[in-house]
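**Q** Structure below; questions to follow.
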Amino acid sequence: MKSRIVLTIAAALTSLIAANVAFAEEPNTSWEVSVLGGIHSFNKNDTALPDRLLSVPVVGIVTRPITRNFAAEGDVTWLIPVKQSVDLGAGLSQDRKAPNILAYQLGVRAGLPLTKSTPYVAAGAGAMTFLSNTDADRLPQLDKSQTVFALNFGGGARVDLNSRWGLRADFREFVAFPSNDAAGLSIKGSADPIWMERGALGLAYAF
């Protein structure tokens, strides 16, 4: 059900852009680079993550305007796991952390430019690579890296500080789709989608 919702949102946003791009005003031709940090949370997942785990995201986003209201974006995120107490079942808790993860997404952003700020919604698609690590405190332990298809959707806002610099706040819902034979991310030939949330805050620079 969740995957159908994501696909519907992504399709609707893509259709909206296609319908409006021919009629929109000319864009600001500048590029923009954003660097953000924040908090990332995995949802509980029966076939990979038996408990909710946290990571610290380091995010880089490159934005290129298409029209005044729409822009294309490339998003790269490095997720640095945080060790925490995890419920392993049967009343047993131990310190664990998720694998290091690289996420790379291409997407579109629909914004509403105001006097000093631009609130927006966004969606995209790409991949996530769960990096191999077999240390005893990793959950799951991966003897080789696993790259899976992933989607994201969410929103945020950019607040202008001056003509080039701005503050950017961004929230994204991600969903990764490991294959049913992905070692460490599946159980007995079955893998559930991995849902996760990322909240980030940082600086944006237009040039």
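**Q** Any idea how many residues of region 186-206 are over 21 Å from Asp75 (Cα atoms) and not in a strand (DSSP E or B)?
**A** 5
**Q** How many residues are buried (at least 17 other Cβ atoms within 10 Å of the Cβ) and farther than 14 Å from Gly107 by Cβ when one looks only at region 158-174?
**A** The qualifying residues number 4.
**Q** Going through Val86, Val6 one at a time, which residue ends up being assigned to a helix (DSSP H, G or I), modelled with pLDDT under 95 and in contact with a strand residue (DSSP E or B) (Cβ under 9 Å, 6 or more places away or on another chain)?
**A** Answer to the check: Val6.
**Q** So, in region 67-83, exactly how many residues are part of a loop (DSSP other than H, G, I, E, B) and of a type in the set (Ser, Thr, Tyr)?
**A** Within region 67-83, residues that are part of a loop (DSSP other than H, G, I, E, B) and of a type in the set (Ser, Thr, Tyr) number 1.
**Q** Given the condition surrounded by fewer than 17 Cβ atoms within 10 Å (Cβ to Cβ), among the hydrophobic types (A, V, I, L, M, F, W, C), within 27 Å of Ala182 (Cα to Cα) and over 11 Å from the mean Cα position of the chain (by Cα), answer yes or no: does some residue in region 135-152 qualify?
**A** yes
**Q** Still on this structure: For region 49-66, how many residues meet the condition of being assigned to a loop (DSSP other than H, G, I, E, B) and more than 22 Å from Gln105 (Cα to Cα)?
**A** Total meeting the criteria: 3.
The values are calculated or read from the model by the stated rules, or taken from the named source; none is laboratory data. Note that the coordinates shown come from a computational prediction; the quantities given were computed from them, not determined experimentally. Using ideal geometry, Cβ is built from the backbone for each residue, glycine included, and neighbour counts are taken over all protein chains shown.
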